[in-house]
1. Which far-off residues, 5 or more places away or on another chain, put their amide H under 5 Å from the one on Gly191, with H placed in the peptide plane?
2. Could you put Lys297, Lys100 in order of accessible surface area, largest first, with the 1.4 Å probe and the full protein assembly present?
3. Determine the dipole magnitude for segment 230-348: charges of +1 sit on the beta-carbon of Lys and Arg, -1 on that of Asp and Glu, nothing else is charged, the reference point is the Cα centre, and the result goes in debye to the nearest 20.
4. Can you return the lysines within cross-link range of Lys297? Criterion is Cα-Cα under 18 Å, with same-chain partners fewer than 8 residues away left out.
5. Tell me, what is the 1.4 Å probe accessible area of Thr90, in Å² to the nearest 10?
6. Could you do me a favour and compute the accessible area per residue for segment 187-310, 1.4 Å probe, result in Å²?
7. Taking 8 Å as the Cα distance limit and 6 or more residues as the minimum spacing, I'd like the relative contact order of segment 191-253 as a percentage.
8. Could you sort the peptides 114-122, 164-172 by per-residue average Cβ neighbour count (10 Å cutoff), highest mean leading?
Amino acid sequence: MIRAQSPTPTYEESVPYGTTAPPGGTYGMPEGQPFDPNAGAGDLYGAPAPGYDPFLSPGGAGIVDPYAGSPMPGYTTGLNGPQPFRFGWTSNLTFGLLPKVRTYAQPGGAPGGNFGVFETDVDLKYTTPLRSGWIFSAAPEFDYRGWSGPQFISLPGAGYRFGTDLALSTPANGLWSVQLGFTPALASDFGKSLSSNAWQFDTRVVLFYRPSQTWMFAVGAAYWDRLGDYVIPYAGVVWTPNDLWEIRAMFPKSRVSRFLGNVGHKSVWLYGTFEYDIESFEVERAGVTNRDQVEFKDYALMLGLRGEGPCMTMFLEAGGVFRRHAYFQSGGGFDTKDGFMARFGFQF
């Protein structure tokens, strides 16, 4: 599953309270200075911290947020409150493993052998304010998928994706905010010369309404350019009752987070996610005259731990993949049994 193909950045939280400014500093705050979440009242912007989720925290909660809360006594981090963003460069590195499970060819349900996946996702994101007041970000991305099997269905051993996620966001310092996104990408096994099927052009538009410090509503849509053309909703509700809990009932990805406490210099969170994803690659297949294209659809349910520090965030999660289907442009495909998945990664 190419989580990066669906432009929904994950595991992105704010710079913890009570820490010093991260390397490079934040907007209006020099590096190494103690961070006061109530300071810098004149700064309307901030740069995204590693893992910032543009769909669920649009444009970033600026240092001035009239609807933000404050951290609960005794805790040094929280989901609410005026939070800085980090302009400049941030990076993410994620690894994932889907052990082999039995497959069934389409149609008829005949055995197709076993199928497993090894994932690697890398992105490097640059964020900057514009004179217009909007926030612009560009994130070059690289994704690798190592495919093992199925033994009785022709599929190359690996797929590669190179893309760039471009986004324009308004600062979330009022009732309304918006994000516009465009993600061109090239996805192929690079077995032979490329065709138009290797190119993918995704777009998204999301409007946010935040009437109070505990509620935020999102409505929007995205176009995913895969083997098929998909228009999916980007919509839902975010409820933050206090600094310990956050419930993001969103599509295509939902997340429930619970703050556990501090371990050393890291704030530790327990979270669960539910995600819908579609990926696609141009591939070379035996017995197919022209270049073919494969598409994977699935749902994933994960439980994880995330540790956030001043300069780095780490996470480890595990769960299951359900209703995974593969389709070929030339016809046919295969289904897989529900299986286990584990991922871990770094953000800095």
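1. Glu284
2. Order by accessible area, largest first: Lys100, Lys297.
3. Using Cβ point charges on Lys, Arg, Asp and Glu, segment 230-348 gives about 260 debye.
4. Correct list for Lys297: Lys100, Lys253, Lys337.
5. 10 Å²
6. 41 Å²
7. 25 percent
8. Ranking the peptides 114-122, 164-172 by packing returns 164-172, 114-122.
The values are calculated or read from the model by the stated rules, or taken from the named source; none is laboratory data. On a predicted model such as this, the values are computed, not experimentally measured, just so you know. For neighbour counting, all protein chains shown are included, and Cβ atoms are generated from backbone atoms with ideal geometry for every residue, glycine included. Side chains are part of the model used for accessible areas, which takes the heavy atoms of the whole protein and leaves out ligands, DNA and RNA. Shrake-Rupley method; radii C 1.70, N 1.55, O 1.52, S 1.80 Å.
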